[in-house]
1. Go over the candidates A:Thr158, A:Thr189, A:Thr172, A:Thr163 one by one and state the one that is closer than 11 Å to A:Glu114 by Cβ and modelled with pLDDT under 95.
2. In segment A:209-227, which residues are assigned to a strand (DSSP E or B) and more than 7 Å from every other protein chain (Cβ to nearest Cβ)?
3. Under 30 Å from B:Ile38 (Cβ atoms), within 12 Å of the chain's Cα centre (by Cα), open to solvent by less than 20 Å² (accessible area, probe 1.4 Å) and touching a residue at least 24 places away in the same chain (Cβ under 8 Å): is that true of A:Ile221 in this structure?
4. Could you list, in sequence order, the residues of segment B:236-248 that are within 25 Å of B:Ser168 (Cα to Cα) and either open to solvent by 10 Å² or more (accessible area, probe 1.4 Å) or among the aliphatic types (A, V, I, L, M) (or both)?
5. Considering only strands (runs of 3 or more DSSP E) fully contained in segment A:109-208, which possess at least 1 residues that are at the interface with chain B (Cβ under 9 Å from one of its Cβ atoms) and open to solvent by less than 20 Å² (accessible area, probe 1.4 Å)?
6. If we scan segment B:103-116, do we find a residue that is closer than 25 Å to A:Gly62 by Cβ, touching a helix residue (DSSP H, G or I) at 6+ places or on another chain (Cβ under 7 Å) and open to solvent by less than 20 Å² (accessible area, probe 1.4 Å)?
7. In segment A:54-68, what residues are more than 18 Å from A:Ile140 (Cβ to Cβ) and in contact with a Pro (Cβ under 9 Å, 6 or more places away or on another chain)?
8. Report whether or not A:Ala68 is more than 10 Å from chain B (Cβ to nearest Cβ) and closer than 17 Å to A:Asn50 by Cα.
Amino acid sequence: MKLRSVVTLLIGLLAFAVNGIGSALAAPSAGSAQVKYKVLPLVKLTVTPNYQSGFGPTGGSGSGATPAPGSLAVLDTGTVDFGSVIAGYQYLYKYAASVTVQTNDSAGFIVYAEGSTDFNGSNPVPSPPTFPISQALFWIVSSAANSPFSVATAFNSTSSANTVGGGGTTITYAGGVPPPSALIWSNSTSGTVTQGYDFQLRLPTSITPSTTSTQFNVYVIYTAVGN
Amino acid sequence: MKRAALLWLGFLALVCAFGGGESAYASELNKTLKVFTINIVVTPSPTPVGFIAPAHKQPSNIAKAEALTANPYGGPTRVALGPAAFDIPMLGPAAAPMVVAQSSPQGSLPVQFVAKPDPNATFLHFVPHLAVLNAGYGANSYTCVFEIYAFMTSTWKVVDWGYGTVSSGTGTFPIENLPSASDLSWSAEGVSTAFDTVYNGGSPGEVTFTGTANVSQQHCIDFKLTVPTSLAAGTYTAAIQYTLQYTF
């Protein structure tokens, strides 16, 4: 009986000890964590179509037709609408878009531009239904000396996913930055700066059938990134 | 006699007016013209320097990730953020040094046009094959950059010159302007195997190829381009005007 009491006591002490050790292990301990963060600079982008009086297409020399802005082209808004153009000829769209960037990044910013797709044909849908934007639409910084044959850089169709929503078309880039081939403007200062762009349209004869007119549409997406 | 002379003068004036002042002879008229334009991208030789993402995942990182998944508490002590940016290297073929939520503002610009058929395509048009000419410093060759199709119901010829060039002036790479020589040469396949520098002295230009009445021709145009080492890398444009002239 005495021995049984002693064993019971020992078991109780053992249970208390184990429980105490467990409680000690579960007790909160203090530590430290170093958190590093970077405050992203403010970058604000504004793209204004048809930004100056006198906007619209010129060129088509030899086609026998004089180009004029389409009905969707409106001063400071709307669409860069070349109107009716003749296949096989080239055009310059004056004052197509102005790009304004406001940033507090002392290192400045970079602006990229890409087509959300290739040109999509409609009314009627041609075969093939699209035409490569890189072979038809070119950009050049606005200048009085520009012509349909001036040195200009092609827009490319994006290889990233794009979304059409209520706010317009957007492109989601992996890593948040468009490819270097889409760069159209690099500026190394902070502040608010604006640059104007003309567009060139270079059309092959084959872009539309010999008996039918075809409409083509695309969205050019501009992205501003702080340096 | 006086009346006959006036009629003759009037006839000559009519020919000049329709010829646009560009005909080499009074009996030749311009039917139509087109300008072939192509971009030339000059990159430093021998190869453009670029960063190409590896085609496969990095094995060492995969092994670390798999070991971590199998035993999250194994291995050396880990801290939330050590001296390095990441205690666990990022995975994937295009792992950026840092990933942030896209905060770059975007703006979309709609562009449209209505392409109408080319009314002159029956007589003169191009069939493009190369969209851009990639060039290194030194000599470059391009086969069948584009084709020229021409047709007329009377004897005809196609003439060309560098767009915007004049008999003497200053120009830019690659076509330049007389008296400087063009850096771009051409050859019409099936017509000649010789390469001629693109004429850069304006009208009346040089003969590209000729044809007889009611017989069309279509020829590939090959280019050779010499890029001087003094030229900065970048994008340039070559524009060549082709005019279909016919005899009446």
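1. Of the residues listed, the single one that is closer than 11 Å to A:Glu114 by Cβ and modelled with pLDDT under 95 is A:Thr158.
2. A:Gly226
3. So A:Ile221 passes the test.
4. B:Tyr236, B:Thr237, B:Ala238, B:Ala239, B:Ile240, B:Gln241, B:Leu244
5. Output list reads A:109-115, A:119-122, A:137-141, A:168-172, A:191-202.
6. Yes, that holds for at least one residue.
7. A:Ser63, A:Gly64, A:Ala65, A:Ala68
8. Yes: the conditions hold for A:Ala68.
The values are calculated or read from the model by the stated rules, or taken from the named source; none is laboratory data. Just so we're clear, the structure is a prediction, and the values are computed from it rather than from any experiment. Counting neighbours? That spans all protein chains shown, and the Cβs are built from the backbone with ideal geometry, glycine included. Please note that ligands, DNA and RNA were not included when accessible areas were found on the heavy atoms of the full protein model with its side chains. Shrake-Rupley method; radii C 1.70, N 1.55, O 1.52, S 1.80 Å.
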